Structures are given as C-alpha cells and as structure tokens.
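Okay, so here's the structure we're looking at.
The values are calculated or read from the model by the stated rules, or taken from the named source; none is laboratory data. Note that the structure is a prediction, hence the values are computed from the model and not measured. Heads up, the Cβs are rebuilt from the backbone with ideal geometry, glycines too, and the neighbour counts pull from every protein chain shown.
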C-alpha cells in the first residue's frame, strides 16, 4: 500500500484536479457540440511547445509555457469569432480543420528536433509518473483561478452553451462571453497537456460528460455524475497501472473507455418508465 501511494499519489492528485474542472467544461463542450475543441486547442498548444523546443528552450520552462499559451490564445480567439448559428459550415468542421493542420505542423516542427519522435509521443500520451509536487501545486492554483472565473460567470456561460440562439435573441454579448470561455479553456488545456498529454486531457474532458448525459438531463445532476465518474476512473486507472505494470496515462484513458461502455450497457438495461 505504501509503495502504490508513494508512486501514484502525485499523478492521482493531478488527475483529481484535472477531472474536477474538465468534467464541468466537458458539459459545456457536449452541449455546444464542439467535441474536438479540446483536442484542437491542445494540439495548437503542443505546436507552440514544439516551436519552443526547436528554438532551444526548456520543455518544462516558463517561456515554453507562455509560448504554448500564446498559440492557444490565438486558437481561442479564432473559435470565438467563428462560432455562429449558421449550419452551412458547422464550427466542428472549423475545429477539425484546425486540429488536422496543427497536428501536421507539429510533425513538421519536431522533424527539426533530434528527439522529435520521442517528444511527440510524450506530448500525445503523456508521462504521469514524471509529475512533481510543484506541477500539482501549479495545477491546483491555475485551476482554482479558472474555477472562480467560471463560478462568477456561470449563468451567462451556461445560458450560451444550453441555448446559443436564445442568448443571441436576448441581446447577450455572446461573442465576448464565448471569448472568455475559450480563453479559460486555452489556459486549462495548455496547463494540463504539458503534464499529462493530449489524449488523457481529452478523455477527462469528454468521457465523464458523455457518461453523465446518459443518466441525467439537468446541468447540476450531470455535473455530479461526471465528477463521480472522473474520480472513480482516476483511482481505478492508477491501481490498474500499478498492479499490471502498464503506462499510467494510457491505462487511465483506456479505463475511461471501458467505464463508458459499461455505463452505456447499464443505460440500455435500465428498466424504462411506463
């Protein structure tokens, strides 16, 4: 027991922090229908980190983080501006195009770096066992600040996510609130991707929200279910990784997938009300 706590305590603490905020924002993402927003912004932030590495900067340094954040802010601005109710070109199409271009650009940039292949693997899958106490403290600090912003602006942001057209018709400053949403999203993704990788960040964002949507319809009930799912998968994934000697980040992502399948089966087998 002491061995698993010594090895997995910091990664578990990071997962719990990530799950707390990502589960909430994941509900917004699912309601907005921009499922790949997280992957796209994460890939843009990764591109910024790749540029920093080619320039000879420390991968874990403050300058690299700020450069990644600047790239992510650019993506946030783009997505805020391009969101409309026009269905001819859905925003998900724009997000997907940006993701594909950013992903290809990361390959091009890291091809100029001697350890590019290994760096790309770390960016995508992450290395949770390398997380330090300083990383966890920074994560909690940044996420607490982001959580406060979303608590203060919760009514406006939830209203826009639930009924965008209605928010526009009521005269809300939708573009400004959207930019705030995407800006905080960019900070969140940039902070977490550097620690756990793109794929775990995506799993923590989307899977708990999808599980919650299977069993609830109100925003509050969905959030409670998403939080429970996130905590349960974090603990179970860490235990499986330790017991089976598997890569931690990949194990957590696959555990999310398994739990989602079980939740879907449970939803189908649940007796329907007359």
The lone exception for residue 33 - which of (1) over 29 Å from residue 255 (Cβ atoms); (2) touching a residue at least 24 places away in the same chain (Cβ under 8 Å) it fails
(1)
Quick one: count up the residues across the stretch 162-186 that are under 15 Å from residue 24 (Cβ atoms) and at pLDDT below 85.
1
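Looking at 220, 237 in this structure, which one is part of a helix (DSSP H, G or I) and in contact (Cβ under 8 Å) with a residue 60 or more places away in the chain?
Details: 220 fails: in contact (Cβ under 8 Å) with a residue 60 or more places away in the chain.
After applying the criteria, what remains is 237.
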